[in-house]
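What follows is a short report on a single structure.
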Amino acid sequence: MALLSKKDANLIKDPLGDNNPITIQVLGICSALAITAELKASVVMAISVLFVMGVGNVVISLIRNIIPSKIRIIVQLVVVAALVIIVDQVLKAFAYDLSKTLSVFIGLIITNCIIMGRFEAFALGNGPRRAFLDGIGNALGYGVILVIVGFFRELLGSGTLFGIKVLGDPIAKTGLYAIGYENNGFMIIPPAALIVVGIIIWVQRSRNRALIEEA
């Protein structure tokens, strides 16, 4: 017997493909611009959002029947804020330098529209199991894009991956040309993230033309 029904499995698979929160729903773009200049920061942010969304969706689902409708947004903010504080304290305890790099962006997870959107649209209307799968699926979809963008921005912008030199500096000059790789400084500034995300969106829509909106 399969562990997940097809319907439940789609809660994880759909955000990884044709319902990705960044490339299709165009949510969470700010962090894709801000912290993807380094692959390590991208991975840590992805893991942080995975924890917050997975646990947060379950908590909201468990208390959904006792939350007064008038204050449900406040309750959701309290839940996500508590989880973000846990993430922030863990980073400060075990990866202090990285926590300084991410700094305010970890706190801004609280206002990440993907998280609040899934709380409101899914966790409030479904049981804990399905809410957990939905949270994990959307967090993975978000995280995959962050990691892809971070990979290309660090590789092409700094010639490194996880801070380890991968592409060498120019080692010799032959006439007007240098042998080796010259870091592309444009890739480490925020507009480069938009370009990489745009390329991902173009590839995704070229593979599935049903995603292209009619003019």
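Values in this text are rule-based calculations from the coordinates and carry no lab data. Here the structure is a predicted model, which means the values were calculated and not measured. A quick note on method: Cβ atoms are made from the backbone with ideal geometry, for glycine too, and the neighbour counts reach across all protein chains shown.
With a Förster radius of 30 Å applied to the beta-carbon distance between Ile86 and Arg205, the computed FRET efficiency rounds to 0.20.
For Ile67 and Thr111, a Förster radius of 25 Å and the Cβ-Cβ distance give a FRET efficiency of 0.80, rounded to the nearest 0.05. Only DSSP H runs of four or more residues enter the estimate; each adds -39500 (n - 2.57), and after division by the residues of the chain the mean residue ellipticity at 222 nm equals -20000 deg cm²/dmol. Going by Cα centres, region 94-163 and region 14-32 are how many Å apart? So the separation of the two Cα centres works out to 11 Å. Put a dot 7 Å past the Cα of Leu167, heading toward its Cβ, do the same for Phe186, and the two dots end up 1.2 nm apart. Peptide packing for 192-202, 14-24, 92-102, 142-152 was compared via the average number of neighbouring C-beta atoms within 10 Å per residue; ordered from the highest value, the list is 142-152, 14-24, 192-202, 92-102. Long hydrophobic helices in the chain, taken as whole DSSP H segments with a C-alpha length of 20 Å or more on their own axis and mean Kyte-Doolittle hydropathy at least 1.6: 39-62, 72-94. When region 20-207 is described by a simple charge dipole with +1 on each Lys and Arg Cβ and -1 on each Asp and Glu Cβ, the residue from Phe162, Phe152, Pro68 located farthest towards its positive end is Pro68. Take the convex hull of the alpha carbons in region 22-143; its mean projected area over all directions comes to 7.1 nm². Considering the chain, its Cα convex hull presents a mean projected area of 16.3 nm².
The largest-to-smallest principal axis extents of the Cα set in region 68-125 are 40, 17, 15 Å. Across the options Ala37, Gly135, Ile85, the greatest Cα extent toward the positive end of the charge dipole of region 20-207 (unit charges at beta carbon of Lys, Arg, Asp, Glu) belongs to Gly135.
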